[in-house]
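As structure tokens, the structure follows; a few thoughts come after it.
Read-outs throughout are calculated quantities, based only on the coordinates presented, and are distinct from any laboratory measurement. From a predicted model like this one, the values you see are computed outputs, not experimental measurements. When we count neighbours, we look across all protein chains shown, and the Cβ atoms used for this are built from the backbone with ideal geometry, even at glycine.
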Amino acid sequence: MEVLRRHDPRSAPLPLVLDSPHSGTDYPADFDHLPPRMVVRQAEDTFVGELYAFAPQMGVTLVEALFPRAYIDPNRNLADIDQALLAQRWPGQVTRSRKTELGIGLVWRLAQGGVPMYSRTLSVKEVERRIAGYYKPYHAAVAAAIDERHRQFGAVWHLNCHSMPAVGDVMSDDPGRARADFVLGDRDGTTCEAEFTAFVAKTLGAMGYHVAINDPYKGVELVRLHGCPAEHRHSLQIEINRRLYLEEITLTKNAGYDRLQANLRRCLDALGGYVRARL
Ligand SMILES: [Zn+2]
């Protein structure tokens, strides 16, 4: 089974890399989750990879995960282990995070609504297999794409692409709150130059979208790992409100999908101009 797909530029490459870690829908045969598949699927950022499918034509490199994030979440730290889910003591480092407290660490303990993901504990071996077979290849592909462009241009801009429920649920830090159209996360200004965040916010804002910054999502592992502005590595998390393109219960595209995609294309086109001007 394919774990990820890398889409290389189909025109002159730009130092612009996108990754979509949560839009995978290929459920592995050994993922014996307890709730119905449609409940587990609410964890997905469904169609996010597809929304940006135009990007390689613009010189952008796109990496997308094909496995579901509820199986193993590439946007978590490897130490974000939920010991309560395991049959044995985890042999490596464990750093208990807010995400693990919410039941959504490296391997999710809970599905939507806070219901248990499994009827059993998981063995250390099977979590290690998920890390080796899915997490690490995905991380290697994202790092390779970013490093290649950085070597080539001396600078790189990375968009870590997601979508979010329209309203915070019980597994978020803002239950019941309606979200902005877009949330940009640069971990409070630490993962990219301030101008990059401001440019994306301004570009989306000019299209009429309401854009929030670092609220409620600041960005997690992938921007933390790849954002190093001092080395001209800029990494920004971008969350799209699912109501702009998705029926959240059935996970089908809604009437807004095409318009959103056209606007994302305009946004990326503007970003192409931004990075060219910064080189
Ligand atoms: Zn996501």
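When the chain is treated as a Gaussian network with alpha carbon springs shorter than 10 Å, the biggest mean-square fluctuation among D169, D73, D181 belongs to D169. Expressed as a fraction of 2.2 N^0.38 Å, the value expected for a compact globular protein of N residues, the C-alpha radius of gyration of the chain is 0.96. Here's how it looks for A111: its modeled amide H is under 5 Å from those of M117, which are all 5 or more places away or on a different chain.
Put simply, the amide H of L86, placed in the peptide plane, has neighbours under 5 Å in L122, leaving out anything fewer than 5 places away on its chain.
Its residue count N fixes a reference of 2.2 N^0.38 Å for region 109-226, and the Cα radius of gyration divided by that reference is 1.30. Peptide packing: for 151-161, 234-244, the average count of neighbouring Cβ atoms within 10 Å per residue gives the ranking 234-244, 151-161, highest mean first.
Across region 32-43, computed HN-Hα scalar couplings (Karplus, 6.51 cos²θ - 1.76 cosθ + 1.60, θ = phi - 60°) run 8, 5, 7, x, x, 3, 5, 6, 4, 5, 5, 6 Hz from first to last residue, x flagging Gly and Pro.
Using Cα pairs closer than 8 Å and at least 6 residues apart in sequence, work out the relative contact order for the chain, in percent. With pairs under 8 Å counted, the relative contact order is 21 percent. Measuring r between the beta carbons of A206 and E231 and using R0 = 30 Å, the FRET efficiency lands at 0.50.
When Rg and the Kirkwood Rh are both derived from Cα coordinates, the Rg/Rh ratio for region 7-125 amounts to 1.06. Spin-label pair D147-D269: with each label point 7 Å from Cα along the Cα-Cβ axis, the two points sit 3.5 nm from one another. FRET efficiency for the pair Q88 and S11, taken as 1/(1 + (r/R0)^6) with r the Cβ-Cβ distance and R0 = 45 Å, rounds to 0.35. Rg over Rh for region 87-163 works out to 1.08, using Cα positions for both radii and the Kirkwood form for Rh. Put simply, the C-alpha atoms of region 163-279 give a gyration tensor, and the ellipsoid matching it has half-axes of 25, 19, 11 Å, longest first. Listed by chain and number, the aspartates and glutamates whose C-alpha is less than 15 Å from the C-alpha of K125, apart from same-chain residues fewer than 8 away, are D30, D82. Mean residue ellipticity, 222 nm, helices only, the chain: the sum of -39500 (n - 2.57) across DSSP H runs of n ≥ 4, divided by residue count and rounded to 500, is -8000 deg cm²/dmol.
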